[in-house]
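Written below as structure tokens is the structure these notes are about.
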Amino acid sequence: MTDEQGDSRGDARQSFYAKQLLIDSARTAFQQLAAILRNATLYPEAHPQLLAAADKLRGKIEELLVERKEVAFYLISGELFFEKISIPIEQGLSLVLEQFAMRDVGGVVFMPGLTSQELIRFAGFMNKDPGQLSGLGGIRTIIEKEGIRHIVLHNVVLVEKQAGADLKAGKKKASEVFKDAVDTVKEMAQVLHHGQLSSMRKVNSVIQSMVDNILDNRDALVGMTNLKMYDEYTFAHSVNTSILAAALGTFLSFDKQQIAALGMAALMHDIGKVEVPRETINKPGKLNDEEWNQVKRHPVEGALLLVDIPGVSRLAMVAAFEHHQHGGARGYPQVILQYERHPFSQIVALADAYEALTAARVYYSSQMPPDQSIRILIKNRGITSDPVLLKAFVNMVGIFPIGTLLKLDTGEVGLVMHQTRDLMRPRVLILTRFDGSEKETGQEISLLETTGGRYRRSPVGTIDPNTANINLKQYLA
Amino acid sequence: MEKELGPEAPLAPEVHDVMRALVSAFRTVKIYPPNNPVYSQSIKKSFELLEHFLTTAQEYSIGVQKTNFTYQRTPIGKEAQLNRAIAQDLFAKGIREIVFSTGVTETELLVLCQTLALSSEDMAIKNGISSILWEKNAAHIKVTEAGLDEIITTQMAMGLMDKTAAGNTATTEGPAPSAGVKERVLFGRTLVLGDLKSDPSGFAFNMLELAKRTHAEDESVEERLYALYQEASRTIEAEHAEQGDAMFESLGKSVLALEPNFRDALVAGKLYKDLDTEMAAEQQADVEQQLPSAMHEIQTGRFSHAWTVQQVSTLLRKSASKKALPSTPPPPPDEVKAVPLSGDLPGMAKEMAEYSPEEMERLKVLGAAGMESDIIEAAVRTYICLLPLAKNPLHAAPDEKEFAHFASVLRQLEDMLNFFLSENDYDHASVIIQALQMPVDPSFQPRLKEVLKKTRSKSVVKSTIGELKKHPKGSREYKSAYAYLAKLERETTEVLLELMADEQDRLARIFYLDLLKDFGRNQIALLGELLTDGRWYFVRNIVNVLGESKTDQALAFLRKAAVHENVRIRQEVIKGLLTVGGKRAASILAKMMQDEDVGVQETAVNAYGDFPGIGAEESRPLIEFLEGRSLKKREQALTIEAIKALGKIGGREAADFLKRYAIIRWWKPRKLQKELRVAAVHAREEIMRRHGDDGRTRR
């Protein structure tokens, strides 16, 4: 399940700012629920302390119900979700999540009309021994029988199965979308190189598919960017940059049109390179200064190419021109006007830089851990990237990006499949055979899972897939 | 796309009903306005029928043919004439199929009908119906458009095919090896160089076959092929060094003769990768200094796979020194070596996860990016930056493509300028006008001048002046429009003069005159040119502005105007000279005292007496004027005025001159002489008063 801001096809319903407020509200509500559960073990039902706590939570739920039909919390593998949004919680509350998991509760839904009494009684049942509860038919059955009508519980299997099904479907579609996008870039480059005007409708169609896919399941498509297929890397780079930029756009709660424009701008950002003389770009050796200047002209050439192409947002031209114009002296092209780059150009530049760093890991003889890319970006923030955008980007892509191999303190090896709200604790697929078979049969766990309030697994190191001879494509494509 | 029309198969009545209703809805939305009841009823009815149909079926698809619709390839619709027109329209717009799936809403249906009603041009502007439906979230309706899967023109496709054919002589069947090639293709690891030089494509074929037959289980054909070419390269280096160049050239040709996918995988996927890995090791430090690195920029620019023999040969030579590492199975999990996590990572993660209030504010602002206003602003800025960059500095002179690019950018700027002017957004319009005046390559100048001329049209200036009138002076809108006009000073001056000439309303004329005084200050030459205009009131206004400018350049033109045939203009010149002041202006005024028109003489004389910036030294013309006066009644008043004026500016010489009026001659008119004497006495007294303190008192 992704921390997404809207339904799969709809617009972002709220700004990033509003989403953060919602996360805060939801977290507070869950903390209050935890407080009731705790208080219910200490006080009888009519105790003022318990009543006060229940009133507080009821008030919070009513606040949340103003804009929705129900208030739904889901608990998946140690991670708390409010609707589809992942909610960061302190480690201390993980005991509460365990409490729910032990009682086979995967989802708690509060309906309009909820009373404080219902909350208190629910807390009372939740504090009963799990064995005792299952003997009575399970907590869901009990609260139904007891007439607690405004709290609905879902079991764990159903919730995890649905999430799993969504993820699998998303992954398959992601690889198709990715391939389609790479093929489209190839065709477009050919056409533009020969001075033909390309039809942008197909490119638009590809971008729209990409946006839909990211809105459905961002991690699947972002995961594809980690496969650095070298023979197609030139084309894949544009697609990777587009995916990362569009993904950041969804993370920032842009609406569909904004995300599509951003994705298009990122896809076209290097198109000016088709104008670099072939003998220069394909030179089988180091370029001299004059040749490098030819390459450095590509933002100008790209922008000039895009000036006249119908069906392309002007932002594509702007981003193509500005994406190397960071504040440092090494930025280019140098111009007389002083201005702050358009935010989309900054996002494209950030995605481009990240892509370059993660690609570079493939070639260096010394191992560069995946978090090193993030570290370098952080070191250069304010120069090559807006600090706030960088922060959002890191939150989106994670300290351990999808496709990172982690060594766990249990001795296991985990492949990062999804980010959670805790950047140090993603969801990983446990690898045992390294032959790709774990994709279908392997165990995917969240590093947020706890037992007795302590994390079950923690990362202790990163593994270079090349050195370990592990083919990531088996898992991510 | 459906192609054939088969015989009409029996379809359920419900299918026909839905089709009929839908086609009717398409037609109705096109013809009627939204507030017409027929419009909404048509949508409602068609939606009800469609929704009912979809309760038992997954989807309802309409195929669009040239003159009719189909359902699952069966022609449909008994009302052929009605359907024909609509089918033709949709077909012409490139629509080939419309599929409704379960869950479609009435809103989505309405969106579809409205979109289908758009003209082809409007659809094209919005990137086609699929894009429009996507943007409006009509997720349960899918439209297949003609040519959507095409990105390359037919000609291009042919060209590509030709190229491929030319570059690839090794098809899956393979060319017959030429006579004389020792065909000792063995299984296993024996490599046959054969007659590489005479038949590189045959060699390529053999290599590929060998790779296909001898690759290991965990090794791809491409990897094996690479290994074989590496071996070949090493063999050439070791055993045929003296023919190295020629052999590598042939080896390069053989690589280029491979089937495209193997060729690309080998060259792009292996040979260039080796090169990049080598360069990456040398440029590791650059990674952190420049993001992205120079190497990455080059890597991601290799769009073209049209490599030369020389390039491939060089790469093959380099690859000779590379050792292919045997692929090894991955170790068990507990043996996999890991790089320990750095201790500062949790802190870094924590810092990244929290947003300060300032950062949240910044994110709020960023969230609004991509709206029309900031797109336009950024686009204009980019166009302006592109203007001087359209010519590649590495070229001696611009080529045809660069001219075309420059013209495109200019065209966009023109369009933007017109847009801003239509919106009365003079701030942005000013930016563009300013940009159009920047220096560009001389070859581009003529084109730029053309555009500049268009941007300076009188109609634009007039409407801006009109806009200026609407807002109070000092307001933001006033300043903005004013600043824009200031960039078009010459044109503004011309237009203001015209407006003033035609304006009946006095207040409006004053408004224009005020503006003219500002704008005309730097347009003296233009004003001078216009002095020959036939309209006296037009010229009078110019003279007024010239005077207000108080410049030496204006004086030259005032001198010319001082002899204008129209007396009103000459009068205006005197006012102007008075405004300018000084000795040079006084000299012009002095001549006007001899004007043929008495009125002008009077005005000149009076003005001379009050003229700023002159002293006793300049009183000579008045003395000369008086010397020429005769003692006649009709000249008396002016003579007296001249005496008074002399009194105001004269010195000792003037005082001595005035003594003559003290003498009364009996043979001349006594009364007149007495009047002159009185005037002269007063004038002398004034002079004495002024110069009596030995000149300490100055005018």
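Tell me the total accessible area that B and A bury against each other, 1.4 angstrom probe, in square angstrom rounded to 100. Don't skip to the answer; put the middle values down first.
Details: alone 40560 and 22180 Å², together 51910 Å².
In total, chains B and A hide about 10800 Å² from solvent.
Assigning unit charges at the beta carbon (Lys, Arg +1; Asp, Glu -1) and nothing else, what dipole magnitude in debye, to the nearest 20, does the protein assembly as shown show about its Cα centre? Present the calculation step by step, with values, prior to reporting the outcome.
On the way: 145 positive and 156 negative charges, 1176 e Å.
Roughly 5640 debye, rounded to the nearest 20.
Which values, in whole Å and largest first, are the semi-axes of the equivalent ellipsoid of chain A obtained as the square root of 5 times each eigenvalue of the Cα gyration tensor?
Values: eigenvalues 443, 114, 73 Å².
Each semi-axis is √(5λ); the values are 47, 24, 19 Å.
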**Report entry** the stretch A:61-147 pair-distance distribution - Cα-Cα, 5 Å bins, rounded %
**Finding:** 3, 12, 21, 24, 22, 14, 3, 0
Query raised in the report: Lys/Arg Cβ at +1, Asp/Glu Cβ at -1, dipole of the protein assembly as shown taken about the Cα centre: which of B:Ile375, B:Ile510, A:His326 is farthest positive-ward?
Result: B:Ile510
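Calculate, for the protein assembly as shown, the solvent-accessible area per residue in square angstrom, rolling a 1.4 angstrom probe over the heavy atoms of the protein chains. Before the final figure, lay out each step's value.
Working: 51910 Å² over 1176 residues.
So the protein assembly as shown comes to 44 Å² accessible per residue, rounded to a whole number.
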Query raised in the report: Out of residues 5 or more away from A:Ile76 or on other chains, whose amide H comes under 5 Å of its own, with H placed 1.01 Å from N in the peptide plane?
Result: A:Phe81
Report summary line: Residues whose built amide H sits under 5 Å from the amide H of B:Tyr71, excluding neighbours closer than 5 in sequence, are B:Gly63, B:Ile76
Report task. Give the residue from B:Gly103, B:Ala481, B:Val312 lying farthest towards the positive end of the charge dipole for the protein assembly as shown; charges sit on Cβ (+1 for Lys and Arg, -1 for Asp and Glu) and the dipole is referred to the Cα centre. Result -> B:Ala481
Query raised in the report: Dividing the convex hull volume of the Cα atoms of chain B by its residue count, what figure in Å³ per residue is obtained?
Result: 386 Å³
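Treating only the Cβ atoms of Lys and Arg (+1) and Asp and Glu (-1) as charged, compute the dipole magnitude of chain A about its Cα centre; round to the nearest 20 debye.
It comes to approximately 360 debye.
Could you order the peptides A:213-223, B:512-522 from most to least packed, using the average number of other C-beta atoms within 10 Å per residue? Intermediate values should be presented prior to the final figure.
Working: A:213-223: 25.3, B:512-522: 19.2.
Top to bottom by mean Cβ count within 10 Å: A:213-223, B:512-522.
Net charge within 9 Å of A:Ser94 by Cβ-Cβ distance, Lys/Arg positive one each and Asp/Glu negative one each, not counting A:Ser94 itself?
-2
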Query raised in the report: How high is the FRET efficiency between B:Lys583 and B:His395 when r is their beta carbon distance and R₀ equals 45 Å, given to the nearest 0.05?
Result: 0.15
Report summary line: Going residue by residue through the stretch B:352-367, the Karplus relation 6.51 cos²θ - 1.76 cosθ + 1.60 with θ = phi - 60° gives ³J(HN,Hα) values, rounded to whole Hz and with x marking Gly or Pro, of 5, 7, 10, 10, 6, x, 5, 5, 5, 4, 4, 5, 4, 5, 5, x
Requested in this report: Using a 10 Å cut-off on Cβ to Cβ distances, tally the other chain neighbours for every residue of B:355-368 and report the average as a whole number.
Outcome: 5
**Report entry** Computed E for A:Glu63/A:Lys128 - FRET, C-beta separation, R0 35 angstrom, nearest 0.05
**Finding:** 0.75
**Report entry** 5 angstrom amide H check on B:Glu97, placed H, neighbours 5+ away
**Finding:** B:Val64, B:Thr144
Query raised in the report: Spin-label point model (7 Å from Cα, Cβ direction): what's the B:Ala92 to B:Gln72 distance in nm?
Result: 3.2 nm
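Can you tell me what the convex hull of the Cα atoms of the stretch B:606-693 projects to on average, as an area in nm²? If you can, show how the numbers build up before the last one.
Values: hull surface 21.4 nm².
Mean shadow area of the hull around the Cα atoms is 5.3 nm².
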Report task. List the lysines whose Cα lies under 22 Å from the Cα of B:Lys270, skipping any in the same chain that are fewer than 8 positions away. Result -> A:Lys179, A:Lys186, A:Lys228, A:Lys273, A:Lys283, A:Lys286, A:Lys473, B:Lys212, B:Lys253, B:Lys318, B:Lys322, B:Lys323
Query - Largest-first ordering by accessible area, 1.4 Å probe, given options B:Val545, B:Val598 - result: B:Val598, B:Val545
Report summary line: Computed from the beta carbon distance with a Förster radius of 22 Å, FRET efficiency for B:Arg620 and B:Arg665 to the nearest 0.05 stands at 0.30
Query raised in the report: If you roll a 1.4 Å probe over the stretch B:448-588 with all protein chains in place, what percent of the accessible area is carbon or sulfur?
Result: 50 percent
Query raised in the report: Put a dot 7 Å past each Cα toward the Cβ at B:Arg652 and B:Asp374; how far apart are the dots in nm?
Result: 8.1 nm
Query raised in the report: Which of the aspartates and glutamates could a cross-linker bridge to B:Lys583, judged by Cα under 15 Å and excluding same-chain residues fewer than eight apart?
Result: B:Asp552, B:Asp610, B:Glu617, B:Glu618
Query raised in the report: Can you give the Kirkwood hydrodynamic radius of the stretch B:351-393 from its Cα pairs, in Å with one decimal?
Result: 13.1 Å
Requested in this report: Report the one residue of B:Pro439, B:Val461, B:Ser408 whose Cα lies farthest in the direction of the positive end of the charge dipole of the stretch B:378-485 (charges on C-beta: Lys and Arg +1, Asp and Glu -1; origin at the Cα centre).
Outcome: B:Val461
Query - Residue-averaged beta-carbon neighbours from other chains (10 angstrom radius) around A:311-323 - result: 5
Report task. Report the equivalent ellipsoid semi-axes for the protein assembly as shown in whole Å, largest first, defined as the square roots of five times the eigenvalues of the gyration tensor built from alpha carbon atoms. Result -> 78, 43, 34
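Taking only C-alpha pairs under 8 Å that are 6+ residues apart, what is the relative contact order of chain B in percent? All intermediate terms of the calculation are to be shown ahead of the outcome.
Values: 758 pairs, mean separation 33.0, N = 699.
Over chain B, the number comes to 5 percent.
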Report summary line: A correct Karplus calculation of ³J(HN,Hα) over the stretch B:402-410, with 6.51 cos²θ - 1.76 cosθ + 1.60, θ = phi - 60°, whole Hz and x for Gly and Pro, returns 5, 4, 4, 4, 4, 4, 5, 5, 4
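From the helices alone, meaning DSSP H stretches of at least four residues, give me the mean residue ellipticity at 222 nm for the protein assembly as shown, per-run term -39500 (n - 2.57), in deg cm²/dmol to the nearest 500.
Details: 54 runs with 675 residues, N = 1176.
Here the helix-only value at 222 nm equals -18000 deg cm²/dmol.
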Requested in this report: Return the sequence-ordered ³J(HN,Hα) values of the stretch A:369-380 in whole Hz as given by the Karplus equation 6.51 cos²θ - 1.76 cosθ + 1.60 applied to θ = phi - 60°, using x for Gly and Pro.
Outcome: x, x, 5, 5, 4, 5, 4, 5, 5, 5, 4, 8
Requested in this report: Using a cut-off of 14 Å between beta-carbons, work out the net charge of the residues near A:Ala46 (Lys and Arg +1, Asp and Glu -1, A:Ala46 not included).
Outcome: -1
Query - Rough spin-label spacing in nm, given labels placed 7 Å along Cα→Cβ, for A:Arg149 and A:Lys296 - result: 7.4 nm
Query raised in the report: lysines near B:Lys470 by alpha-carbon distance under 29 Å, same-chain residues fewer than 8 away left out - which ones?
Result: B:Lys453, B:Lys454, B:Lys458, B:Lys462, B:Lys479, B:Lys487, B:Lys517
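The values are calculated or read from the model by the stated rules, or taken from the named source; none is laboratory data. As the structure is a prediction and not an experimental result, all values here were calculated from the model. Here Cβ is always computed from backbone atoms with ideal geometry, including for glycine, and neighbour counts include all displayed protein chains. Protein only, heavy atoms only, side chains kept; ligands, DNA and RNA dropped before computing areas. Shrake-Rupley method; radii C 1.70, N 1.55, O 1.52, S 1.80 Å.
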